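Read-outs throughout are calculated quantities, based only on the coordinates presented, and are distinct from any laboratory measurement. Note that the structure is predicted; figures quoted are calculated from it, not measured. No Cβ is skipped: glycine too gets one built from the backbone with ideal geometry, and neighbour counts run over all protein chains shown.
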Amino acid sequence: MRSRALLSSFVETRFLINQNGYIGQYSLSTTLFKSYKPAIYDSTMSLEDDVYNDIFTALKHPIRRKILKSLENNPHTYTELLNELELETGLLNYHLENLKTLIRKDEGGKYAISIFGRAALSLTRRIEEPAREKLSRVALFGKRISWNKMFILVIGFLLLTNVYTIASHQGVVSSGAERFGENVVFAQGRMINVLSDLRKIIEGGLLQESSLGELQYRVEAASLQFAKVTYLDERHPDMWDYASRALWTLSDLIGDTRVAVGAVNGFEAGVALDSDSVKRLDDVNNSLNELYDALFPPGTSESNNPWAVASYSAMDRVIGKVEALRSSVGKAWLIVPHLQGAAPLEQSSCSWRQLEKRIFRGISRILGLSIMLGSLRTG
């Protein structure tokens, strides 16, 4: 509600409607949808809600915010956007469709920002400005001090603690190596869970909100575990961070797929996978398997940590597998707009759990009727 009120504080759209009920034009001022006439109140409320939905849907994803900022000063062709953002065509199409009323096409066929797109950018700046101002100042014990003084205090504190750090380093090295090996094994287990859940979905040929939710939880758990290993592996931190970010991108894909499945057929049923979707998910699964093999070679254990020593050739191999995973995830994103146009699942294609529920309801009704007839006979 606060964000909606913030947006309403600087945009006003007045619609001029002729005798036939068509919208003539609109203008930018200080308050959004402030001066509606009572005679057209009902017909404009849904339009207001649509605009708000378009704006907040666009702002929630960083790629869509980048598209709006790219179009703010100059219109772009589709190819220019594709090259500037370095996206797959399917992923760019998906985000352009979600921008809806925030962009338009000019007379030359180029993509340009609309009045609502400028309102959305103004909203993002008003949200980001307080954060930037806060970063430019620092408070210590209730007093504002400059960053230079804070830097001197930090350096002094580090110098004082440096002696203790050196003295205790020997003991920390041994315990750190043990924790490093332990967390690598934990990351291996997380990846095994992800691969198992994804394989079940592909083999079942059905996308359901429940199974997708479980898979998303597994992927996020693996990504967080990789991020934890980043702080323990002093020799290959960038490698673990890159892999962690790739898994989080996969989590975003699963989240968008969950929303699409729920919109098509509700959260109880599911959507059957077609051959193209199965192929794309298979590519993701194969990329994950190759990444797993590169990260966790046979024999990996707490005492036999393959990353305990620097191995740049192995690191390069892992980075190549991560790039392949990101590519397959980007192509799999085409499943989402495809699901949005899918037909609801037929009753005959219900899951075993749904079938069990229907059988149970039928038995309960039969028992209820039997008890009712018995009571009538005795009465």
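Report Rg (one decimal) and Dmax (nearest whole number) for the range 176-344, counting Cα atoms only, units Å.
Looking at the range 176-344, its Cα Rg and Dmax stand at 16.7, 54 Å.
Give me MET150, MET239 sorted ascending by neighbouring Cβ count inside 10 Å, so fewest comes first. Provide the component values of the computation, followed by the final result.
Numbers: MET150 13, MET239 25.
Neighbour counts put them in this order, fewest first: MET150, MET239.
With respect to the cross-link table entries LYS69/LYS110; LYS60/LYS321; LYS279/LYS331; LYS66/LYS100; LYS69/LYS100, which display a Cα-Cα separation exceeding 21 Å?
Long pairs (Cα-Cα over 21 Å): LYS60/LYS321.
I want the local charge near SER327. Using Cβ-Cβ distances under 11 Å, sum +1 for each Lys or Arg and -1 for each Asp or Glu among the other residues.
That sum, taken over residues with Cβ under 11 Å, equals 0.
Taking the beta-carbon count within 10 Å as an exposure proxy, list GLU88, GLU72 from fewest neighbours to most.
By the 10 Å Cβ count, ascending: GLU72, GLU88.
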